[in-house]
Amino acid sequence: MHSKTRDLFIPDSGQKVIQLVLDGLGGLPDPETGRTELETANIPNLDRLASRSSLGRSLPIAPGVTPGSGPAHLALWGYEPYELEFGRGVLEALGSDFDMQPGDLAARANFATIDADNIVHDRRAGRPPDEENVRLCQKLREGLEGKLPGVELFLLTGKEHRFTVLFRGGELGASLNDNDPQREGLELLPIVAGDTASERSAELVATFITAAREILADEEVATGMLLRGFSGLPDLIAFNDLYRANSAAIAAYPMYRGVARLVGMKVLGSPHGIEEEVQALEENYGEHDFFFLHYKPTDSAGHSGLFDEKVSALEAFDAILPRIEALEPAAMILTGDHSTPCIHMEHSWHPVPTLISSRLALNKADAVFSERDCLGGDLGNFKASEMVTLAMAHASRMKKFGA
């Protein structure tokens with residue numbers, strides 16, 4: 001963001017902005033019906049909101065570039081992803097309320113089913129329940145004690161198959177590849193240092209993986225792990241300083257709390273599901289002037305290729321939307337961090353349907369909320385990093401530039 005743009009934001013204006021992020025929102029047509037998930041879902045509240053909002057499609061990174069969750073969220077808040085690169089590990093650690101320090105090395109981890117030949121059979125180990133995640137992490141802590149001399153090891157439990165691994169002990173370089181081949185039926189990748197500063201880290205992580213595999217050898221499903229997104233703490237300008245805001249974040253999943261905490265947002269608890277998320281928004285509405293609320297089920301269904309489940313997730317969000325509208329923010333964004341079409345089962349490069357609701361919106365009265373209607377909206381195709389600035393303008397929280 002240009003420094004001159006930063007000077008235009010009005011602090012303490014009393015005008016509130018809510019940013020609703022439906023993870024993996026965008027989709028593609030079902031081959032049998034020709035309709036996307038949004039076009040299939042019964043979402044009367046979203047359609048009504050779209051008919052009185054500015055519509056468009058946000059581009060998370062660049063044309064044709066598929067974003068990861070971390071850079072996609074940072075783009076939503078005005079950070080240029082290519083200028084601020086780091087791995088998902090730091091987001092997971094911060095999302096677990098861990099006090100990460102300079103020099104620490106963190107990685108996002110999945111429990112996985114891996115055979116003796118290092119072939120990955122299930123990248124998520126059957127999505128174990130959270131209590132099984134806790135048991136497995138404790139088993140690893142006990143078995144790894146004393147196996148990594150000179151280094152503190154932290155295993156932070158997460159949801160289902162997810163957890164976080166953090167190493168502390170001197171300056172640990174983070175230029176390491178993932179060992180995740182990204183597809184089942186393929187062999188684990190060896191950990192390789194990308195620079196000399198990360199050579200010690202590569203040896204440390206390789207030792208950790210080998211020892212962990214030995215400890216998990218007697219498990220039926222979670223026989224290994226996939227490590228992704230190695231990272232240390234990056235240096236960035238806080239969100240509140242960029243926009244002269246008092247921001248808060250509400251998210252059920254640790255990673256998204258982590259990325260919000262990374263940019264300096266106040267994280268409001270650890271809600272379980274959309275009902276608790278909206279309750280947290282309602283209870284804290286008077287304390288902040290910018291709210292980020294994250295909704296995960298749309299993305300989970302997309303990754304699983306479950307079209308009907310993604311439709312149901314959209315309908316569940318639609319049902320609770322009137323409670324959010326009742327707060328009457330000056331501007332409300334509804335978007336996604338990226339698209340996760342069910343027919344693709346992964347993040348994709350497709351622009352994300354987006355609306356900005358405001359009394360200053362240029363609406364189209366017969367519009368509904370869908371990829372195709374957003375394609376013809378007045379916002380057009382725009383960079384995700386411009387989204388909050390657009391919302392601040394719609395909320396009358398920006399001064400005029402020049403005389």
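Summary table
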| item | result |
| --- | --- |
| Taking the C-alpha atoms of region 1-112, convex hull volume expressed per residue in Å³ | 233 Å³ |
| The chain: most fluctuating residue of Arg257, Arg200, Arg162 per GNM, C-alpha cutoff 10 Å | Arg200 |
| Potential extension, Asp130-His272 segment - 0.36 nm per residue separation minus Cα distance | 49.9 nm |
| Estimated 222 nm signal from helices in the chain, with DSSP H stretches of n ≥ 4 weighted -39500 (n - 2.57), rounded to 500 | -9000 deg cm²/dmol |
| For region 293-304, Karplus couplings with θ = phi - 60° (6.51, -1.76, 1.60), whole Hz, Gly/Pro x | 10, 10, 10, 8, x, 4, 6, 4, 5, x, 5, 7 |
| Alpha carbon centroid spacing (whole Å) that separates region 375-403 from region 139-164 | 44 Å |
| Fraction of antiparallel bridges per DSSP, the chain only, in percent to nearest 5 | 60 percent |
| Gain in span if fully extended, Ile119 to Thr33, counting 0.36 nm per residue against the direct Cα distance | 27.3 nm |
| Two-site FRET efficiency, Leu306 against Leu189, from Cβ-Cβ distance with R₀ of 30 Å, rounded to 0.05 | 0.60 |
| Inter-probe distance in nm under a simple model that places probes 7 Å from Cα toward Cβ, at Arg168 and Thr196 | 2.9 nm |
| Calculated SAXS-style log₁₀ I(q)/I(0) at q = 0.07, 0.09 Å⁻¹ - the chain, Debye, Cα scatterers | -0.33, -0.55 |
| Computed lengthening from Glu328 to Leu8, 0.36 nm per intervening residue step minus Cα-Cα distance | 112.8 nm |
| Cα-based reach from Lys139 at 25 Å (exclusive), listing lysines while leaving out same-chain residues under 8 positions away | Lys147, Lys159 |
| The chain, relative contact order in percent, only Cα pairs under 8 angstrom and at least six apart counted | 34 percent |
| Span from the region 1-53 Cα centroid across to the region 183-215 one, whole angstrom | 39 Å |
| Nitroxide proxy distance, nm - points 7 Å out along Cα→Cβ at Gln182 and Trp349 | 1.2 nm |
| Top of Glu37, Glu309, Glu203 by mean-square fluctuation, Gaussian network on the chain, Cα under 10 Å | Glu203 |
| Part-to-part distance (alpha-carbon centres) for region 262-298 and region 316-355, which is given in Å | 15 Å |
| Most mobile of Glu386, Glu287, Glu315 in a GNM of the chain (Cα contacts under 10 Å) | Glu287 |
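Each reported figure results from applying straightforward, stated rules to the coordinates on display, with no laboratory input. No experiment lies behind these values; they were computed from the predicted model shown. Ideal geometry is used to build each Cβ from the backbone, glycine not excepted, and the neighbour counts take in all protein chains shown.
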